[in-house]
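The values are calculated or read from the model by the stated rules, or taken from the named source; none is laboratory data. Being a predicted model, the structure only gives us computed values, none of them experimental. In this analysis, Cβ positions are derived from the backbone assuming ideal geometry, glycine residues included, and neighbour counts consider all displayed protein chains.
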Amino acid sequence: MRAAIRLMSLFLLLAMAGSASVSAQSNPPPPPYPPPASYPPPPEANYSTNELVDAGHRFFGGVSKGLAQIIERAVSQWGVPNGYVLGEEGGGAIFAGLRYGEGMLYTKNAGDRKVYWQGPSLGFDVGGEGARTMMLVYNLPATESIYDRFGGIDGSAYFIGGFGMTALTSNNIVLVPIRSGVGFRLGANIGYLKFTPHSTWNPL
């Protein structure tokens, strides 16, 4: 009797082992997780020198060696910008005056915005002014950050072929206006430009 019980127990153990083996074979371990999807890097946010020169030539009209040289000089000093403004401004002064302008801010990955600017200009200015203006914009964290006051050397301190370049700054953002027009501003014009989303006659 005991021998029969032992034989039956052994038979049951062998049957259970075989069932576990078949189950393991019919249910193989899951494959390893696939590698995470690789996302493409964000698009290049800065403008190259060639892109700036091409945009400037289309805006000012015609191909100008002076424009290319002045953009190259700006890039050599501040690097490549992540935005630029194309617009027109007017103003004039002998020892004091006002400057007003409007244009569009262009960026590669943050959209475009209409902008207006105003500001006093103090210094030794010669002639009136009615100029197309291209402004290179550096370190712009968001398009609305353009709406601020930018101070610095607000005069065409550097001229090449009828184009003048200046520099202004605020909160680590640098603006480099490049101007061409009927008037010339000579010397150091210490003032500022205030950018607003709407037109206003108040430069303060």
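Okay, here's what the table says:
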{"read-out": "Selection within region 114-126 - more than 21 Å from G151 (Cβ to Cβ) and either at pLDDT below 95 or crowded, with 17+ Cβ neighbours inside 10 Å (or both)", "value": "V126"}
{"read-out": "Qualifying position, being of a type in the set (A, V, I, L, M, F, W, C), under 23 Å from N82 (Cβ atoms) and at pLDDT 90 or above, among I153, I178, I173", "value": "I173"}
{"read-out": "Positions within region 61-109 being within 27 Å of E44 (Cβ to Cβ), exposed (fewer than 14 other Cβ atoms within 10 Å of the Cβ) and either of a type in the set (K, R) or at pLDDT below 90 (or both), in sequence order", "value": "V63, K65, Q77, N109"}
{"read-out": "Set A142, A167: member being among the aliphatic types (A, V, I, L, M) and either within 22 Å of V53 (Cβ to Cβ) or at pLDDT below 85 (or both)", "value": "A167"}
{"read-out": "Enumeration of residues in region 60-81 that are closer than 25 Å to A110 by Cα and outside any loop (DSSP other than H, G, I, E, B)", "value": "F60, I71, E72, A74, V75, S76, Q77, W78"}
